[in-house]
Amino acid sequence: MGRHTCLYDLHVALGARMVDFGGWDMPVAYGSQIEEHQAVRNSAGVFDVSHMCIVDVAGARTRELLSRLLANDIGRLTMVGKALYTCMLNDRGGVIDDLIVYRMEGDDFRLVVNAGTRDKDMAWIGAHAVSLDVRLLERRDLAMLAVQGPQARDCAASLLAYDGSRSVMALKPFFGTRLGEWFVARTGYTGEDGFEIMLPASEAGSLWQRLNGAGARSCGLGARDTLRLEAGMNLYGNDMDEHTNPLESGLTWTVAFDPPERDFIGRAALESIRARGSHSKLIGLVLDERTVLRSHQRVSVPGIGDGEVTSGTFSPTLGRSIGLARVPSATHGSVEVEVRGRLLPARVVQPPFVRHGKVLVQ
């Protein structure tokens with residue numbers, strides 16, 4: 001089981017309920033999951049996301065490698081520190097993983113990939129890197145904390161030295177900067193502003209306690225999931241996987257078909273799908289009944305066909321159940337979801353449901 005001992009001991013001391021997540025001991029909640037969720041929407045929370053796999057990629061042909069492996073175009077990373085969200089596809093256009101890539105100094109890049117796909121990602125990237133003499137370094141020495149919420153940046157920056165504070169507060173969204181051995185990026189997975197901080201694991205426990213002292217509430221994976229779903233953000237393994245493609249997963253915006261000469265893996269398959277039209281799409285659902293949407297529930301689209309809920313939860317911000325579902329592409333208006341043998345009406349909406357604290361659906 002993976003763990004950074006100093007953080008694990010701290011989570012236990014704080015009363016966290018620990019579970020196995022992607023092969024790591026991770027905190028689900030420290031008390032009330034709803035209160036943790038609301039802390040991020042209204043003020044600030046801190047998450048341990050050290051289970052994510054941080055990989056440094058270096059070598060003169062790194063751009064060539066990533067241009068081939070990633071569906072989005074790393075040519076868009078024109079400045080050091082710039083970040084890009086993208087998918088890594090197989091030959092059929094299926095999603096091997098979704099990830100963030102950061103441009104570092106020179107020809108170096110940093111990838112942050114999902115915990116559950118760590119092994120297959122490293123094998124896939126490594127198999128394509130070997131012929132290009134590109135080096136991969138998995139940074140198991142680093143921990144990663146996500147400070148999220150409308151007050152998160154002020155909270156985190158207040159703990160940094162003057163020069164560091166000025167640098168991180170000047171970051172635009174989807175940019176990062178080095179501060180010695182730390183790397184601070186204005187990114188996240190909650191629909192709120194904040195930072196994701198990669199730092200030596202030995203320093204993570206101290207930073208966590210200082211963040212608590214500055215007003216950031218300890219938050220677990222439970223609140224992280226309700227926050228990301230309110231924000232309309234996909235979860236790998238639920239909302240997309242190797243058997244689904246970005247065009248049917250609400251991720252068309254992460255695929256760069258220009259320039260046309262860039263031959264990324266999966267391109268031919270996606271172009272074929274785009275030409276004939278996708279048979280399905282990912283939608284948002286709001287359920288007004290007092291029950292909860294869950295993954296794998298059947299979605300009935302009268303006169304068209306069936307789909308399936310891919311992610312579902314109770315939304316603390318909306319006070320009702322919400323979800324993402326993959327349904328026939330002709331779906332619109334309303335559907336019915338099968339919950340415990342009953343077909344319940346649900347409204348089709350365009351995610352996100354909540355962003356920067358504001359409800360975006362009726």
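Each peptide in 160-173, 177-190 was scored by the mean count of other Cβ atoms within 10 Å over its residues; highest first, the order is 177-190, 160-173. Taking 13 Å as the straight-line reach from the Cα of K281, the aspartates and glutamates in range (excluding those fewer than 8 positions away in the same chain) are D239, E248, D306, E308. The alpha-carbon atoms of the stretch 1-120 define a convex hull whose volume equals 150 cubic angstrom per residue.
Global size of the stretch 94-137: 11.0, 31 Å for Rg and Dmax (C-alpha atoms, Rg to one decimal, Dmax whole).
Peptides 227-235, 317-325, 291-299, 130-138, ordered by how many other C-beta atoms sit within 10 Å of their residues on average, highest first, read 227-235, 317-325, 291-299, 130-138. Taking all C-alpha pairs of the chain, those more than 38 Å from each other amount to 17 percent.
Distance distribution note for the stretch 78-167: the fraction of Cα pairs above 17 angstrom is 65%. Direction-averaged projected area, Cα convex hull, the stretch 208-332: 11.0 nm², rounded to one decimal.
In the calculated pair-distance distribution of the stretch 145-204, the portion above 19 angstrom amounts to 19 percent of the Cα-Cα pairs.
The slack between R210 and H128, meaning 0.36 nm per residue of separation minus the straight C-alpha distance, is 25.4 nm. Straight-line reach from K172: taking Cα to Cα under 18 Å and skipping same-chain neighbours fewer than 8 places apart, the lysines in range are K82. Per atom type, the stretch 207-362 shows carbon and sulfur on 49% of its accessible surface, probed at 1.4 Å. For the chain, the 222 nm mean residue ellipticity estimated from helices alone, with every DSSP H stretch of n ≥ 4 adding -39500 (n - 2.57) and the total spread over all residues, rounds to -7000 deg cm²/dmol. Among 245-254, 27-36, 94-103, 273-282, the peptide with the highest mean count of other Cβ atoms within 10 Å heads the list, and the full ranking is 94-103, 245-254, 27-36, 273-282. Counting residues in the stretch 261-362 as N, plug N into 2.2 N^0.38 Å and put the Cα Rg over that result. Against the compact-globule rule of thumb, the ratio is 1.22.
Per residue, the accessible area of the stretch 256-362 comes to 52 Å², computed with a 1.4 Å probe over protein heavy atoms only.
The values are calculated or read from the model by the stated rules, or taken from the named source; none is laboratory data. Small disclaimer: the values here were computed from a predicted structure and weren't measured. Ideal geometry is used to build each Cβ from the backbone, glycine not excepted, and the neighbour counts take in all protein chains shown. Surface accessibility is based on the protein's heavy atoms, side chains included, excluding ligands, DNA and RNA. Shrake-Rupley method; radii C 1.70, N 1.55, O 1.52, S 1.80 Å.
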